[in-house]
1. How far is helix 16-33 tilted off the main Cα axis of the chain, in degrees rounded to 10, range 0 to 90?
2. Restricting attention to the stretch 16-62, which trypsin sites (Lys or Arg not before Pro) occupy a DSSP loop and are surrounded by at most 14 other Cβ atoms within 10 Å?
3. Loop only per DSSP, at most 14 neighbouring Cβ atoms within 10 Å: give me the GluC sites (Glu not before Pro) in the stretch 1-63, ordered by residue number.
4. Of all chymotrypsin sites (Phe, Trp or Tyr not before Pro) in the chain, which ones are in loop regions per DSSP and have a Cβ with at most 16 other Cβ atoms within 10 Å?
5. Once each part is reduced to its C-alpha centroid, what is the distance from the stretch 18-48 to the stretch 50-68 in angstrom?
6. Restricting things to alpha carbons, find the Rg to Rh ratio for the stretch 1-59 using the Kirkwood radius for Rh.
Amino acid sequence: SINIFTLDEVLSSLDTITASIMLKFIKNFCMEMKLNTFVVSHVEMEADLFDEQVKVTKNMGFSDFEVI
């Protein structure tokens, strides 16, 4: 079975406090369900809620990826 869960801009319309609460809920849910989760966002989020971060920037028409 596939264990990948992708969330694209799911928190973009939430205020900071609600987004933090939702991220903690999502993290706990995904840990219980043993899901590998990818969260896509264009706004800053609490880094300590994630195992890894990948920052994507555009450089001269190409995408640069940086694992943080």
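Every read-out reported here was derived from the displayed coordinates using simple, explicitly stated rules and does not represent laboratory data. Since this is a predicted model, take the numbers as computed values, not measurements. Reconstructed Cβ throughout: ideal geometry from the backbone, glycine too, with neighbour counts over all protein chains shown.
1. 70
2. Here the trypsin sites (Lys or Arg not before Pro) that fit, given the DSSP loop and packing criteria, are LYS34.
3. Those that pass, being in a loop and sparsely packed, are GLU9, GLU44, GLU46, GLU52.
4. In loop regions of the chain (DSSP not H, G, I, E or B), the sparsely surrounded chymotrypsin sites (Phe, Trp or Tyr not before Pro) are PHE50.
5. If you average the Cα positions of each part, the centres end up 19 Å apart.
6. 0.97
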